[in-house]
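A short worksheet on the structure shown next.
The values are calculated or read from the model by the stated rules, or taken from the named source; none is laboratory data. Computed from a predicted model, the values in this text were never measured in an experiment. Heads up, the Cβs are rebuilt from the backbone with ideal geometry, glycines too, and the neighbour counts pull from every protein chain shown. The accessibility values were calculated without ligands, DNA or RNA, using every heavy atom of the protein model including side chains. Shrake-Rupley method; radii C 1.70, N 1.55, O 1.52, S 1.80 Å.
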Amino acid sequence: YLEEEGHGCLLFDATQMVPLWFRLPGVVPPGARILEQVRLLDVAPTVLDVLEIPAPSMQGRSLRAAFETGGLTHRPAFCETYFREERAEADLQFGDLRPLKAIRLDNRYKIIWELGGEEICFYDLTQDPNEQNPSLLSDINDVL
């Protein structure tokens with residue numbers, strides 16, 4: 001994609017998925033891994049929980065229990081980018097690019113849509129881990 005010059009423009013896993021590492025002696029067993037997706041908004045509650053500092057009201061949830069059990073209940077992950085719109089305003093060769101939003105569900109499904117547009121891409125990440133072949137929106141009910 002011509003408009004992608006970093007990780008701020010598109011919402012594919014190749015640019016959105018980032019490993020999260022914690023080294024917490026006495027909290028995280030050496031070599032422990034959580035394979036389920038976590039979210040950036042879970043980092044602050046986790047740090048506060050581990051440090052035993054009362055957390056103010058926030059959207060994220062601590063990952064501490066997941067470190068102890070090795071599992072995690074599903075947490076939908078949302079992302080968005082307005083960089084496409086800013087890019088189009090700055091350079092006419094990009095036409096009328098619109099912001100994108102996405103949600104990743106069950107560490108398996110992902111939906112990416114264009115804000116104010118008609119483009120909606122649905123991916124089954126077990127069948128299409130590189131997000132190369134989006135399904136039609138009408139196919140979602142057949143898959144879910």
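Which is the longest part of the chain that has none of the trypsin sites (Lys or Arg not before Pro) sitting in a DSSP loop with at most 13 other Cβ atoms within 10 Å?
34-144
When the accessible area of the chain is computed with all protein chains present and a 1.4 Å probe, what percentage of it is carbon and sulfur?
Numbers: 5230 of 9600 Å².
That share works out to 54 percent.
Which whole number of Å³ per residue matches the convex hull of the alpha-carbon atoms in the chain?
Dividing the Cα hull volume of the chain by its residues yields 150 Å³.
Stretch VAL43-ASP91 to full length: gain in nm at 0.36 nm per residue minus the Cα-Cα span? Intermediate values should be presented prior to the final figure.
Numbers: separation 48, 0.36 × 48 = 17.28 nm, distance 3.59 nm.
Additional length available on full extension: 13.7 nm.
At 1.4 Å probe size, with every protein chain present, just tell me what the per residue accessible area of the range 58-122 comes to in Å².
Value returned for the range 58-122: 58 Å² of accessible area per residue.
Roughly what would the spin-label model give for VAL18 and GLU118, points 7 Å off Cα along C-beta, in nm?
Going by the 7 Å Cα→Cβ label model, 3.6 nm.
How many nm separate the modelled label positions at ASP106 and VAL27, each set 7 Å beyond the Cα in the direction of the Cβ?
It works out to 3.2 nm between the two label points.
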